[in-house]
Ligand SMILES: C[S@@+](CC[C@H](N)C(=O)[O-])C[C@H]1O[C@@H](n2cnc3c(N)ncnc32)[C@H](O)[C@@H]1O
């Protein structure tokens with residue numbers, strides 16, 4: 001008997017992604033990038049949290065609701081009124097996202113079924129912020145999808161996006177092609193079973209078998225389907241992301257986390273380091289991607305070219321309030337010893353990031369309410385030589401590391 005071919009639409013009806021179950025919704029805080037509230041305010045709105053009205057946001061291709069829940073709860077915690085619209089072609093995904101929102105007691109959300117290509121008619125907005133993760137790379141014409149989103153982006157608005165990246169997905173595309181040849185005519189469940197067998201029996205030289213950073217296919221059938229059996233999927237290098245954005249009049253304000261896109265992490269030899277230091281800032285993320293080899297998706301923020309100058313918050317304004325993410329500043333400060341460094345792993349190597357002498361005293365005061373001027377005044381009270389430039393030099397070092405790791409952002413206090 002002929003079965004219905006698995007189109008893009010049917011795929012997410014059968015295997016909503018990522019797999020989530022509203023009955024098991026624990027209320028646990030969701031943390032991720034993009035669409036963490038402090039992060040998006042930092043990288044799209046120059047730290048300005050006050051929109052003079054509720055934040056208007058669109059979650060385009062919202063799937064099973066991770067970004068929706070994260071942003072809605074982030075706004076609730078911050079006391080920021082928000083109007084958030086969810087849009088997806090998949091009814092099954094929408095049902096799960098709605099169930100999760102209900103289980104968490106989130107209200108005031110709007111759910112719409114349909115394609116983001118029709119967003120101008122279905123949900124014209126406009127929106128201050130648009131999340132679109134893991135969607136455009138599945139579209140026949142990603143540029144058309146992006147143009148539709150930019151068409152409903154308010155002046156001064158920002159986008160948080162995620163697109164697949166090629167090098168970390170080494171081995172995926174030959175295997176997708178092989179599976180198309182081998183099992184295209186089977187019903188979806190049989191395709192999944194056969195794909196599992198194929199993966200289990202791959203020779204050790206196969207690039208997919210050698211690629212240890214891919215794990216989605218081990219977690220669930222939905223993960224396997226999304227990774228290996230998708231009807232359409234392509235990956236973008238950093239340069240291709242930038243070209244796609246430029247075509248829509250946009251510019252990337254940050255790839256996330258920013259330090260991962262610093263090629264200096266992947267170059268040890270001093271003469272090469274010196275050559276690297278002479279590279280243009282805008283060429284650095286592409287080089288980092290080429291050297292790291294483990295980037296399988298790019299998460300990033302983008303704004304219109306004319307808004308780029310003031311989109312990213314800077315640590316040189318005393319009115320900026322530093323905010324930690326998933327870190328308790330005072331608790332971190334208590335465990336902190338002078339001269340201590342922060343360590344973080346990138347591309348399979350652990351790196352040490354030395355912190356300035358006043359890091360502990362600063363962290364102890366980073367509570368999401370004190371601004372930099374206040375923190376400086378408190379520290380200067382018993383350090384007569386700590387003028388603003390001296391304070392700022394040390395804060396800038398702390399900021400470069402923690403912001404680079406996605407752990408520290410800046411925002412202005414709401415009036
Ligand atoms: C890989 S899932 C990602 C879900 C979610 N954004 C996330 O990151 O967790 C892709 C989602 O995009 C939706 N989608 C695909 N094409 C779409 C389109 N043209 N308009 C709206 N949604 C679409 C699918 O139904 C699916 O739920």
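The values are calculated or read from the model by the stated rules, or taken from the named source; none is laboratory data. Owing to the predicted nature of the structure, the values given are computational and were not obtained by experimental measurement. Glycine gets a Cβ as well: all are built from the backbone with ideal geometry, and neighbour counts include every protein chain shown.
Evaluate the following for residue 158: is it buried (at least 19 other Cβ atoms within 10 Å of the Cβ), at pLDDT 95 or above, more than 16 Å from the ligand (Cβ to nearest atom) and within 22 Å of residue 297 (Cβ to Cβ)?
Considered against the rule, which asks whether it is buried (at least 19 other Cβ atoms within 10 Å of the Cβ), at pLDDT 95 or above, more than 16 Å from the ligand (Cβ to nearest atom) and within 22 Å of residue 297 (Cβ to Cβ), residue 158 comes out as yes.
Matching residues to (1) within 27 Å of residue 403 (Cα to Cα); (2) modelled with pLDDT under 90:
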| residue | (1), (2) |
| --- | --- |
| 9 | no, yes |
| 16 | no, no |
| 22 | no, no |
| 28 | yes, no |
| 39 | yes, no |
| 43 | yes, no |
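Go through the residues of segment 107-114 one by one and say whether even a single one is touching a strand residue (DSSP E or B) at 6+ places or on another chain (Cβ under 9 Å) and touching a residue at least 60 places away in the same chain (Cβ under 8 Å).
Scanning segment 107-114, I find no residue that is touching a strand residue (DSSP E or B) at 6+ places or on another chain (Cβ under 9 Å) and touching a residue at least 60 places away in the same chain (Cβ under 8 Å), so the answer is no.
If you go through segment 119-137, how many residues are near the ligand (Cβ under 10 Å from one of its atoms), part of a loop (DSSP other than H, G, I, E, B) and without any contact (Cβ under 8 Å) to a residue 60 or more places away in the chain?
Qualifying residue count for the region: 0.
So that you can scan it fast, the table gives a plain yes or no per residue for (1) part of a loop (DSSP other than H, G, I, E, B); (2) in contact with a strand residue (DSSP E or B) (Cβ under 8 Å, 6 or more places away or on another chain); (3) surrounded by fewer than 16 Cβ atoms within 10 Å (Cβ to Cβ); (4) in contact (Cβ under 8 Å) with a residue 60 or more places away in the chain:
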{"residue": "315", "(1), (2), (3), (4)": "yes, yes, no, yes"}
{"residue": "318", "(1), (2), (3), (4)": "yes, no, yes, yes"}
{"residue": "323", "(1), (2), (3), (4)": "no, yes, no, yes"}
{"residue": "337", "(1), (2), (3), (4)": "yes, no, yes, no"}
{"residue": "350", "(1), (2), (3), (4)": "no, yes, yes, no"}
{"residue": "373", "(1), (2), (3), (4)": "no, no, yes, no"}
{"residue": "391", "(1), (2), (3), (4)": "no, no, no, no"}
{"residue": "415", "(1), (2), (3), (4)": "yes, no, yes, yes"}
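For (1) modelled with pLDDT of 95 or more; (2) assigned by TED's automatic domain parsing to the domain that holds residue 17; (3) more than 10 Å from the ligand (Cβ to nearest atom); (4) in a helix (DSSP H, G or I), each residue gets a yes or a no:
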{"site": "73", "(1), (2), (3), (4)": "yes, yes, yes, yes"}
{"site": "77", "(1), (2), (3), (4)": "no, yes, yes, yes"}
{"site": "84", "(1), (2), (3), (4)": "yes, yes, yes, no"}
{"site": "87", "(1), (2), (3), (4)": "yes, yes, no, no"}
{"site": "93", "(1), (2), (3), (4)": "yes, yes, no, yes"}
{"site": "106", "(1), (2), (3), (4)": "yes, yes, yes, no"}
{"site": "110", "(1), (2), (3), (4)": "yes, yes, yes, no"}
{"site": "117", "(1), (2), (3), (4)": "yes, yes, no, yes"}
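Taking the conditions exactly as written (touching a residue at least 12 places away in the same chain (Cβ under 8 Å), farther than 14 Å from residue 60 by Cβ, assigned by TED's automatic domain parsing to the domain that holds residue 160 and near the ligand (Cβ under 10 Å from one of its atoms)), does residue 140 satisfy them or not?
Yes, satisfied.
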